[in-house]
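Undergrad: Let me give you the structure first, and then I'll get to my questions.
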Amino acid sequence: MKKSVLLLFICWITVCFSFGQSPIIPSPVVYKIAVGKMSIANHFSINSENLPAEIKDFLVQKLVDTYSIQTVISASGSDLTFKKITNTPPDFYSITINDGVLIQYSTSASCFYAVNSLLQLIEGEKDSYYFSKAFVQDYPNFQWRGLHLDVSRHFFSVEEVKRFIDLMSLYKFNTFHWHLTDDQGWRIEIKKYPKLTEIGAWRDSTVNGHYSASPRTYSAERYGGFYTQEQIKEVVAYANKKFITVVPEIEMPGHSRAALAAYPQYSCTGKQLEVPGLWGVFEEIFCAKEESIDFLKDVLTEVLTLFPSEYIHIGGDEAPKTRWNTCPRCQKVIRENGLKDEHELQSYFIQEIDEFLTSKGRKLIGWDEILEGGLSPNAAVMSWRGFEGGIEAAKQKHFAVMSPGSHCYFDHYQSKNPNEPTAIGGFTPIEKVYAFNPIPPGFSEQQAFFILGGQANLWTEYIPTMTQLEYMTYPRALALAQVLWCKQKPPFEAFKKSFVDYHLTYLKRYNVNYSNALFYSQLTIFKNKNGLKLNFKGASKEDAFQLETRTNEKNSQFSENSYITENDTILLKRSKDNQIHTFNFKLTSKNSPDPAHFELKIHPAIGLPIELITKPAEQYKGDGALTLVDGVIGVTPWKGNEWLGYDTTQIEFIVDLTRKVKIEEILLNFLQDDGSWIHSPESIQISVSTKKKKWRNLQIQQFIASQSANAKKAGMKNAFEQNINLKGRFVKVKVNCLKYIPDGYAGEGKTPWTFTDELILLYKE
Ligand code: ACM
Ligand code: ZN
């Protein structure tokens with residue numbers, strides 16, 4: 001198998017091609033260039049021999065519609081010829097551009113990939129397009145290269161879904177995970193149960209802004225939609241032509257409020273509830289009784305007629321067990337089947353569905369919660385709460401798709417720019433996506449065999465439109481395409497150069513509303529013994545900044561509208577007046593289309609040395625101790641980096657005020673975002689010392705969010721505040737975190753996350 005590939009490669013070395021920067025994303029295994037061009041005049045002759053019909057239509061349409069290149073298709077065309085080859089790695093293709101183009105491919109899919117690569121090689125302008133002479137050899141690394149789309153929280157029309165698929169296919173994704181049902185809307189017609197779409201597809205209101213905002217407000221508009229079975233078939237056929245498998249997801253037993261609004265008899269209580277207009281996790285889930293499982297088997301029976309995919313996704317995530325705990329029918333199933341608890345009941349539920357799907361020749365895949373209570377014999381796992389679920393599945397010799405929130409949740413923020421449109425929270429910049437590796441470190445080849453690939457998820461609570469969907473997906477999807485396609489991806493800087501040199505134009509050709517986050521000017525904050533040093537950096541060497549300050553502070557430490565060049569620094573001194581000051585910046589740079597806005601709080605503790613006795617979690621460690629005193633107040637919704645995140649039961653750190661002073665007050669802000677399993681702590685204990693030998697311990701205080709003027713001035717919405725009034729040099733802070741997530745919340749019973757930022761101490765000499 002390897003021999004024939006090698007042979008091709010040697011042939012081309014003799015024709016003097018040399019390695020070059022690949023314009024193709026995802027980067028091919030081999031990309032070589034030679035001197036010279038092949039002009040693509042207005043008439044491009046394509047030899048139809050060995051060219052599959054649907055790929056011919058795709059290629060011609062792209063050349064004509066996107067480039068206005070007229071094509072002639074015949075059995076003797078010579079500008080572009082195709083040859084089918086065997087004995088290659090799966091989905092192998094090569095492209096040779098000399099005086100004509102030769103595409104060699106092993107499968108129809110790889111012929112399609114080759115054509116997409118070829119389109120990315122078109123250079124020049126209208127009427128003078130050309131190819132640089134080049135040689136490409138390529139095949140994918142992972143077999144599951146997925147993007148997911150939630151059409152429940154917001155609905156996307158058939159045309160929009162088709163466009164999502166179109167754009168995916170440009171970057172060689174091959175799996176479209178269609179999240180068709182959830183609490184806020186059931187989107188697939190099921191003929192046996194018409195109320196699923198008559199009732200379940202519509203909600204009467206939708207929460208405004210971020211759902212963690214207080215007070216919540218709602219827009220009282222009826223919202224919804226669904227796909228008829230004919231439309232579903234149309235989308236599946238459309239995707240098939242682009243060599244994309246559509247994997248449907250029907251959520252169970254949780255995230256089922258829309259279904260239960262239509263058929264409340266399949267819940268535990270039978271209570272009639274509406275389709276909710278609020279995001280989050282709900283206690284009402286499918287009952288584990290036989291009638292509910294039979295109902296879901298009926299639904300799946302129709303689903304199977306529409307989707308030929310090998311895998312069927314059954315959800316399985318975030319199913320609170322509150323109803324099951326007290327439901328006589330659920331408890332009866334537990335007793336009769338000798339189950340230990342409600343987790344084993346969930347496992348029993350999934351196993352019933354697994355047996356059903358297996359009997360129909362399909363495979364079940366579910367979110368990693370399906371591991372709890374025991375993994376069903378044939379199930380594959382989609383790992384979203386980190387890598388652990390995928391690791392556990394592979395160790396049990398089950399297949400897994402890696403889709404960890406840390407790297408693959410494209411509903412997270414992608415830049416620190418406060419202008420970013422509201423997102424669910426979290427921080428997943430493109431660099432982080434690029435650093436993703438679906439194979440966990442230390443995995444053997446045998447274990448790696450069970451990792452099918454990876455996938456990014458587009459949950460749409462805060463993605464109401466196609467424009468916003470494209471903004472959140474691109475260019476991060478290009479980074480993910482690299483991760484999933486390339487066995488050895490080039491360094492990030494090389495990828496970025498290909499993106500800037502070629503793909504900005506390419507995405508513009510397709511009118512993609514991509515994010516410019518990569519080109520935003522950046523502010524980096526360093527610690528200085530007197531306060532903070534701010535460093536400004538542009539996306540390119542030529543960048544310069546117009547620093548506009550908006551502050552009503554007297555005696556500003558720097559002048560307004562200063563002109564800053566790259567690598568200039570500004571020193572912001574610790575405030576000596578025992579007050580909290582607000583500074584607003586607007587950074588405009590030549591290459592950044594959007595100005596970046598920042599707000600800093602200058603307070604008496606900025607830049608102070610802090611010893612973190614408890615270390616934050618690796619993925620939420622921000623800039624370490626500096627994060628606590630960098631003047632950037634952690635915001636809601638959280639973006640990740642401005643907070644320190646802990647999954648421990650206690651957090652301890654010591655602040656060094658550098659000399660003995662009269663410590664008056666402490667303010668320490670916490671994040672409350674229960675949808676992300678992040679909860680305020682239980683209590684806090686403050687201790688003061690002069691030499692760190694003897695400590696004076698203040699009484700433990702229960703956490704209550706402060707409403708004080710200082711908390712407001714600091715912009716802290718959920719701050720612990722305590723008067724200290726003691727002399728000393730060191731302040732020890734001991735935070736007792738909430739031990740378990742309370743019942744009824746997402747992740748109930750699990751250890752919650754505790755996120756903290758920022759720390760303010762008020763003190764006098
Ligand atoms: C998930 O994000 N609840 C799978
Ligand atoms: Zn029940």
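The values are calculated or read from the model by the stated rules, or taken from the named source; none is laboratory data. Computed from a prediction, not measured in an experiment: that's the story for all the values here. Reconstructed Cβ throughout: ideal geometry from the backbone, glycine too, with neighbour counts over all protein chains shown. Side chains included, ligands, DNA and RNA excluded: accessible areas come from the protein's heavy atoms. Shrake-Rupley method; radii C 1.70, N 1.55, O 1.52, S 1.80 Å.
Undergrad: Give the Rg (one decimal place) followed by the Dmax (whole number) of the chain, computed from C-alpha coordinates and expressed in Å.
TA: Every Cα atom of the chain included, Rg and Dmax give 28.6, 92 Å.
Undergrad: Setting aside same-chain residues fewer than 8 positions from Lys693, which aspartates and glutamates have a Cα under 20 Å from its Cα?
TA: Glu611, Glu652, Asp656
Undergrad: How many angstrom separate the Cα center of the range 346-395 from the Cα center of the range 512-535?
TA: Result: 42 Å between the Cα centres.
Undergrad: Given a 1.4 Å probe and heavy atoms of the protein chains only, how would you sort His43, His407, largest accessible area at the top?
TA: Values: His43 120, His407 30 Å².
Heavy-atom accessible area, descending, gives His43, His407.
Undergrad: Please report the accessible area of Arg362 (heavy atoms, 1.4 Å probe, ligands and nucleic acids excluded) in Å², nearest 10.
TA: Rounded to the nearest 10, the figure is 40 Å².
Undergrad: Please list 3J(HN,Hα) in residue order for the range 198-204, calculated via the Karplus relation 6.51 cos²θ - 1.76 cosθ + 1.60 where θ = phi - 60°; whole Hz, with x for glycine and proline.
TA: Once rounded to whole Hz, the list reads 4, 9, x, 8, 10, 10, 8.
Undergrad: Using only DSSP helix segments of four residues or longer, with each worth -39500 (n - 2.57), what per-residue ellipticity at 222 nm results for the chain after dividing by its residue count and rounding to 500? Kindly include the intermediate steps, with their values, before the conclusion.
TA: On the way: 20 runs with 182 residues, N = 765.
Dividing the helical sum by the residues of the chain leaves -6500 deg cm²/dmol.
Undergrad: Could you grab the relative contact order for the range 47-206? Cα pairs under 8 Å, six or more apart, rounded to a whole percent.
TA: Relative contact order for the range 47-206 comes out at 16 percent.
Undergrad: Let me ask another. When the scattering of the range 78-157 is computed by the Debye formula from its Cα atoms alone, each counted once and equally, what is log10 I(q)/I(0) at q = 0.27 Å⁻¹?
TA: One equal scatterer on each Cα of the range 78-157 leads to -1.30.
Undergrad: To the nearest 20 Debye, how big is the dipole of the range 228-297 about its Cα centre, given +1 on the beta carbon of each Lys and Arg and -1 on that of each Asp and Glu?
TA: Magnitude of the dipole: close to 260 debye.
Undergrad: Another question about this same structure. Give me the lysines in straight-line cross-link reach of Lys195: C-alpha distance below 17 Å, same-chain residues under 8 apart excluded.
TA: Within the straight-line limit of under 17 Å, Lys195 reaches these lysines: Lys271, Lys297.
Undergrad: For the range 38-102 and the range 588-666, write down the distance between their C-alpha centroids in whole Å.
TA: The range 38-102 and the range 588-666 have Cα centres spaced 56 Å from each other.
Undergrad: Per residue and in cubic angstrom, what volume does the convex hull of the Cα atoms of the range 63-107 have?
TA: Roughly 105 Å³ of hull volume per residue.
Undergrad: Across 5 Å bins from 0, what is the distribution of all Cα-Cα pair distances for the range 324-424, in whole percents?
TA: Whole-percent P(r) values from 0 Å outward: 2, 13, 17, 16, 15, 13, 10, 6, 5, 2, 1, 0.
Undergrad: Only loop residues by DSSP count here, and only those with at most 15 other Cβ atoms within 10 Å; note down the trypsin sites (Lys or Arg not before Pro) in the range 570-649 that meet that. Don't skip to the answer; put the middle values down first.
TA: Working: sites: Lys573, Arg574, Lys576, Lys586, Lys590, Lys601, Lys621, Lys639; in loops: Arg574, Lys576, Lys590, Lys621, Lys639.
Answer by residue number: Lys576, Lys590.
Undergrad: Can you work out the PRE-style zone for Lys233? Point 7 Å along Cα to Cβ, and I want the residues of the range 287-309 with backbone N under 18 Å.
TA: 300-309
Undergrad: Ranked from the most accessible area to the least, with a 1.4 Å probe and all protein chains present, what is the order of Thr326, Thr751? Intermediate results must be reported in sequence, preceding the final value.
TA: On the way: Thr326 115, Thr751 65 Å².
Sorted descending by solvent-accessible area, the residues read Thr326, Thr751.
Undergrad: What do the square roots of 5 times the Cα gyration tensor eigenvalues come to for the range 253-294, in whole Å, largest first, as semi-axes of the equivalent ellipsoid?
TA: Those come to 17, 10, 8 Å.
Undergrad: Round to the nearest 10 and report in Å² the accessible area of Val158, as given by a 1.4 Å probe over the protein chains' heavy atoms.
TA: 20 Å²
Undergrad: Right, another one. Mind checking which lysines have their C-alpha under 17 Å from Lys332, skipping anything on the same chain fewer than 8 residues away?
TA: Those lysines meeting the cut-off are Lys289, Lys321, Lys340.
Undergrad: In whole percent, what relative contact order does the chain give with Cα contacts below 8 Å and a gap of six or more residues? Each step should come with its number before you reach the end.
TA: Numbers: 1776 pairs, mean separation 70.4, N = 765.
Contact order relative to length: 9 percent.
Undergrad: Right, next: With charges only on Cβ, +1 for K and R and -1 for D and E, what is the dipole size of the range 690-743 about its Cα centre, in debye, rounded to 20? Mind dumping the intermediate values first?
TA: Working: 13 positive and 2 negative charges, 126 e Å.
Rounded to the nearest 20 debye, it is 600 debye.
Undergrad: I've got another one for you. Just list whichever of Lys363/Lys496; Lys639/Lys764; Lys537/Lys639; Lys62/Lys133 have alpha carbons separated by over 28 Å in the model shown.
TA: Exceeds cut-off: Lys363/Lys496; Lys639/Lys764.
Undergrad: Related question: For the range 428-526, give the magnitude of the charge dipole about the Cα centre (Cβ charges: +1 Lys/Arg, -1 Asp/Glu; no others), in debye to the nearest 20.
TA: On the way: 8 positive and 6 negative charges, 46 e Å.
Value, rounded to 20: 220 debye.
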